[in-house]
Protein chains: 2
Amino acid sequence: MSQQQFSSSLLEDAIHQFAKLPGIGRKTALRLVLHLLKESEEEVENFGNSIIRLRKEILYCKICHNISDSDICDICSNLSRDRSVVCVVENIKDVITIENTQQFRGLYHVLGGIISPMDGVGPKDLEIDSLLQRVENDGIKEVILALSTTMEGDTTNFYLYRKLEPFHVKITTLARGVSIGDELEYADEITLGRSIQNRIEFSQTFNK
Amino acid sequence: MSQQQFSSSLLEDAIHQFAKLPGIGRKTALRLVLHLLKESEEEVENFGNSIIRLRKEILYCKICHNISDSDICDICSNLSRDRSVVCVVENIKDVITIENTQQFRGLYHVLGGIISPMDGVGPKDLEIDSLLQRVENDGIKEVILALSTTMEGDTTNFYLYRKLEPFHVKITTLARGVSIGDELEYADEITLGRSIQNRIEFSQTFNK
């Protein structure tokens, strides 16, 4: 149903807009649009305006570059968080993912991507200088590198490690291993191999 | 991730709005919203406005009740279509589905639902009177009942049949049978049983 014409150009336009979103084809777009037609005018107006306002008014935190309603995000301005630990992530989504674990009470630093020569992304395109400045000036004691476990992630990790070394801060990275709840036979060999190399004292698993 | 707070209320709001759409959960909503943040301000404004405009400005065809940009839809105003045949469907989506087959060149009549006592939908809630008026006044020779093959669909078909009988028009319904491309063993027994009862001359299958 790629080039079909609907009986209404308004409908056609709305479907076209929805179908541009990732993972949404024209059939799903049609379903969503017909759903909106059944909603009240006010509801639909709120929907449209929330998207427009988001894009227009959204700010990025001046410290960590996370998404924010103000110059400094809620995490950076939260005084109850541990300001000596910074977790370096690729993007905003990773901040949300880590926040959802409720296991981290430090601050973040959003790089805005990872070094990827194939995509033309070099260190200069990322928020690396601002990270180094934070480490130099803000009394940071530990930097956690929480990037993807891909080749690009490893490259970026290594680059950051070299840049951070002179500041004599503790540099850590996420533990890699078999996922909790996974059956061993489905774990991939590289992960399993690393898990064996980096095996931990069984008693450590008690204090969850 | 049901009750979680994001670092931005604008973000939270946009995610909340997307997650109200059918089949879209909070995780997908987040993905869509983050995608929009990467688009240009103009693109996002077009998206939001296309939704708002659709809901505000959409009209329904005064003849067939299909969605339309004007009082009379493109199908009803298209003089090259066969004005003596009317295909009765439940909703706008069915018009689009049938149009996509490119096998029908007549007009439509959108009922706006089917008779369903369980959901409190009676004949008075549907565009039945306007259908009878069209049949009486517009020189219609055949009415095709193209409703769902459910109990409610059958009830509505029968109700319409009784109402249309006095007008002495030809009343037809969609052929039921085994889907093209289906293996027999996966066809349900009722459909297959009907297919055997209503078997057709093999020579009819030639003129596709």
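Among the residues of region A:19-42, those identified as assigned to a helix (DSSP H, G or I) and at the interface with chain B (Cβ under 8 Å from one of its Cβ atoms) are A:THR28, A:LEU30, A:ARG31, A:LEU32, A:VAL33, A:LEU34, A:HIS35, A:LEU36, A:LEU37, A:GLU41. Just a yes or no: is a residue in region B:57-64 farther than 21 Å from B:PHE158 by Cβ, modelled with pLDDT of 90 or more, more than 11 Å from chain A (Cβ to nearest Cβ) and touching a Cys at 6+ places or on another chain (Cβ under 9 Å)? Looking through region B:57-64, at least one residue is farther than 21 Å from B:PHE158 by Cβ, modelled with pLDDT of 90 or more, more than 11 Å from chain A (Cβ to nearest Cβ) and touching a Cys at 6+ places or on another chain (Cβ under 9 Å). Scanning region B:133-182 for residues that are touching a helix residue (DSSP H, G or I) at 6+ places or on another chain (Cβ under 7 Å) and not aliphatic (A, V, I, L, M) turns up B:GLU136, B:TYR159, B:LYS163, B:PHE167, B:THR173, B:ARG176, B:GLY177. Within region B:100-128, the only residue that satisfies the criterion of being in a helix (DSSP H, G or I) and within 13 Å of B:VAL88 (Cα to Cα) is B:ILE128.
Residues in region B:129-150 that are part of a helix (DSSP H, G or I) and more than 17 Å from B:ASN91 (Cα to Cα): B:LEU132, B:GLN133, B:ARG134, B:VAL135, B:GLU136, B:ASN137.
Let's see how each residue does on (1) within 30 Å of A:GLY112 (Cα to Cα); (2) surrounded by fewer than 20 Cβ atoms within 10 Å (Cβ to Cβ); (3) within 10 Å of chain A (Cβ to nearest Cβ); (4) basic (Lys, Arg):
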| residue | (1), (2), (3), (4) |
| --- | --- |
| B:ARG53 | no, yes, yes, yes |
| B:ILE67 | no, no, yes, no |
| B:SER84 | no, yes, no, no |
| B:ASP94 | no, yes, no, no |
| B:THR101 | no, yes, no, no |
| B:ARG105 | no, yes, no, yes |
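Every test in (1) more than 21 Å from the chain's Cα centre (by Cα); (2) at pLDDT 80 or above; (3) crowded, with 16+ Cβ neighbours inside 10 Å is passed by B:SER195 save one, and that test is (2).
Out of B:ASP182, B:ASP154, report the one residue that is at pLDDT below 90 and not in a helix (DSSP H, G or I).
The match here is B:ASP182.
Checking the condition polar (S, T, N, Q) and more than 21 Å from B:ILE140 (Cα to Cα), which residue from B:SER77, B:SER9 passes?
Selected residue: B:SER9, the only one of B:SER77, B:SER9 that is polar (S, T, N, Q) and more than 21 Å from B:ILE140 (Cα to Cα).
Quick one: is A:ILE75 surrounded by fewer than 21 Cβ atoms within 10 Å (Cβ to Cβ) and assigned to a loop (DSSP other than H, G, I, E, B)? Taking the combined requirement at face value, the residue satisfies it.
When the test is whether a residue is touching a Lys or Arg at 6+ places or on another chain (Cβ under 7 Å), surrounded by 13 or more Cβ atoms within 10 Å (Cβ to Cβ), closer than 18 Å to A:ILE67 by Cα and not hydroxyl-bearing (Ser, Thr, Tyr), A:LEU111 does not pass it.
The residues listed here are A:LEU107, A:LEU37; of these, the one that is more than 23 Å from the chain's Cα centre (by Cα) and over 19 Å from B:ASP13 (Cβ atoms) is A:LEU37.
The values are calculated or read from the model by the stated rules, or taken from the named source; none is laboratory data. Just so it is clear, the model here is predicted, and its values are computed rather than measured. All Cβ positions, even for glycine, are placed from backbone atoms using ideal geometry, and neighbour counts span all protein chains on display.
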